[in-house]
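The values are calculated or read from the model by the stated rules, or taken from the named source; none is laboratory data. Predicted model, so just to flag it, every value in this text is computed and none were measured. Glycine also receives a Cβ, built like all others from the backbone with ideal geometry; neighbour counts cover every protein chain displayed. Heavy atoms of the whole protein, side chains included, go into the accessibility calculation; ligands, DNA and RNA do not. Shrake-Rupley method; radii C 1.70, N 1.55, O 1.52, S 1.80 Å.
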Amino acid sequence: MMINQDTSALILIDYQTRLMPSIHEGQEAIASALFLAQVAQALAIPILGTEQNPDGLGPNDERIKAFCDQTLVKHSFNGAADGLADAIQKTNPAITQVVLAGCEAHVCLMQTALGLQILGYEVAVVPEACGSRMPQDKILAIGRMSQQKIAMLSAEMLVFEWLKTSEHPQFKNVLKLIKNR
């Protein structure tokens with residue numbers, strides 16, 4: 001699978017204000033997610049967010065929320081069970097690929113990835129933009145998703161797949177974002 005700019009969406013899962021202080025290397029995960037969001041925005045790739053029970057966990061980090069075209073409130077750990085697939089299709093019916101990043105990697109992120117895969121989406125995850133409270137939970141989640149044929153990509157791997165060529169009209173702008181990381 002190659003990730004295509006025209007058929008993909010970026011899904012930012014549960015970077016919530018009351019959760020993030022407990023996430024191992026949470027600020028690094030947010031920084032990577034913000035980088036992905038900047039690139040997606042530059043390439044006109046839809047960005048959707050989710051918030052798990054925001055009454056309990058608070059809203060998403062404002063920096064994340066500012067990039068989201070839409071934020072879906074959910075109570076199921078699997079966002080696909082709470083309308084995420086419908087939101088993706090309403091955003092753009094041509095979307096067949098989803099790139100996920102978020103927290104907690106072993107709960108909402110993993111269950112959403114598996115749920116979207118069951119619905120027929122090609123799913124990729126950017127581990128550096130993901131987190132869990134316990135590092136071993138993130139490691140186990142990445143392993144399980146990999147066994148389920150969910151692609152694991154670094155942020156730069158993803159960005160260059162979206163661009164495809166140095167002749168892309170946004171290449172120079174995206175290259176600046178990469179150099180400023």
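Worth a mention:
- Computed helical MRE - 222 nm, the chain, DSSP H runs ≥ 4 contributing -39500 (n - 2.57), nearest 500: -11500 deg cm²/dmol
- Between Leu175, Met134, Asn4, the Cα set farthest toward the positive side of the dipole of the chain (charges on each charged residue's Cβ, about the Cα centre) is that of Leu175.
- The stretch 3-8 - phi-based ³J(HN,Hα) in whole Hz, Karplus 6.51/-1.76/1.60, Gly and Pro as x: 7, 10, 3, 7, 10, 10
- Whole-percent carbon and sulfur share, accessible surface of the chain, 1.4 Å: 53
- Where the stretch 1-90 is the region considered: accessible area per residue in Å², 1.4 Å probe: 42
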